[in-house]
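Chemist: Have a look at the structure that comes next, please.
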Amino acid sequence: MKILLDECVPAPMQSLLSNHACTTVQAKGWSGIRDGDLLQRAEVEFDLFITSDQNTRYQQNLAGRSIAILELSTNDVGRIRAAASIIDKVVANIQPNAFQHLDIP
């Protein structure tokens, strides 16, 4: 699966997703692009967009998007690492064009 990590997601999360082709918004040179335009670009080349921006589903029209979106409840690296197995399971099962919020303890 090709995964794009939003600017607000810590880059070390890439190592947790080593079974996938994973990159960051920064690495793509897309820093500072507004969410709507970012999602439009992302859905051309990625299967999944991971963000910790809690407003994405309220600020963007997600209907008709072909990219799946996973919203993490935190961007705290320690909490994300501790929940690695949960995140991996969600990523493995997420469907195209789905939106899923994941509450990380």
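Chemist: When region 4-37 is examined, which residues are found to be in a loop (DSSP other than H, G, I, E, B) and farther than 19 Å from Asp76 by Cβ? First the steps, then the outcome.
Modeler: Taking region 4-37 and keeping what is in a loop (DSSP other than H, G, I, E, B), we get 6-12, 17-20, 29-34.
Of everything in region 4-37, those that are in a loop (DSSP other than H, G, I, E, B) and farther than 19 Å from Asp76 by Cβ turn out to be Ser18, Asn19, His20, Gly29, Trp30, Ser31, Gly32, Ile33, Arg34.
Chemist: Here's something else I'd like to know. Sort out which residues of region 90-105 are in a loop (DSSP other than H, G, I, E, B) and either surrounded by 14 or more Cβ atoms within 10 Å (Cβ to Cβ) or basic (Lys, Arg) (or both), and write them in order of number.
Modeler: Restricting attention to region 90-105, the residues satisfying the condition of being in a loop (DSSP other than H, G, I, E, B) are 94-98, 103-105.
Those that are in a loop (DSSP other than H, G, I, E, B) and either surrounded by 14 or more Cβ atoms within 10 Å (Cβ to Cβ) or basic (Lys, Arg) (or both): Ile94, Asn97, Ala98, Ile104.
Chemist: Go through (1) without any contact (Cβ under 8 Å) to a residue 40 or more places away in the chain; (2) in contact with a strand residue (DSSP E or B) (Cβ under 6 Å, 6 or more places away or on another chain); (3) surrounded by fewer than 16 Cβ atoms within 10 Å (Cβ to Cβ) and name the single condition Lys2 misses.
Modeler: (1)
Chemist: Moving on. Determine if region 39-60 includes at least one residue that is touching a Gly at 6+ places or on another chain (Cβ under 8 Å), at pLDDT below 95 and surrounded by 14 or more Cβ atoms within 10 Å (Cβ to Cβ).
Modeler: Yes, region 39-60 has at least one match.
Chemist: How many of the residues making up region 75-105 are within 11 Å of the chain's Cα centre (by Cα), farther than 20 Å from Ser15 by Cα and not aromatic (Phe, Trp, Tyr)?
Modeler: Residues in region 75-105 being within 11 Å of the chain's Cα centre (by Cα), farther than 20 Å from Ser15 by Cα and not aromatic (Phe, Trp, Tyr): 2 in total.
Chemist: Scan region 67-89 for residues that are assigned to a helix (DSSP H, G or I), hydrophobic (A, V, I, L, M, F, W, C) and surrounded by 15 or more Cβ atoms within 10 Å (Cβ to Cβ) and report the count. Break it down into steps so the answer makes sense when it comes.
Modeler: Here is the first cut: in region 67-89, the ones assigned to a helix (DSSP H, G or I) are 77-82, 84-89.
Okay, now just the ones that are also hydrophobic (A, V, I, L, M, F, W, C), so 77, 80, 82, 84, 86-87.
In the following step, the residues that additionally are surrounded by 15 or more Cβ atoms within 10 Å (Cβ to Cβ) were identified as 80, 87.
The number of residues fulfilling the criteria is 2.
The values are calculated or read from the model by the stated rules, or taken from the named source; none is laboratory data. Everything quoted here is computed from the prediction, not taken from an experiment. FYI the Cβ positions are ideal-geometry reconstructions off the backbone, even for glycines, and counts take in every protein chain you see.
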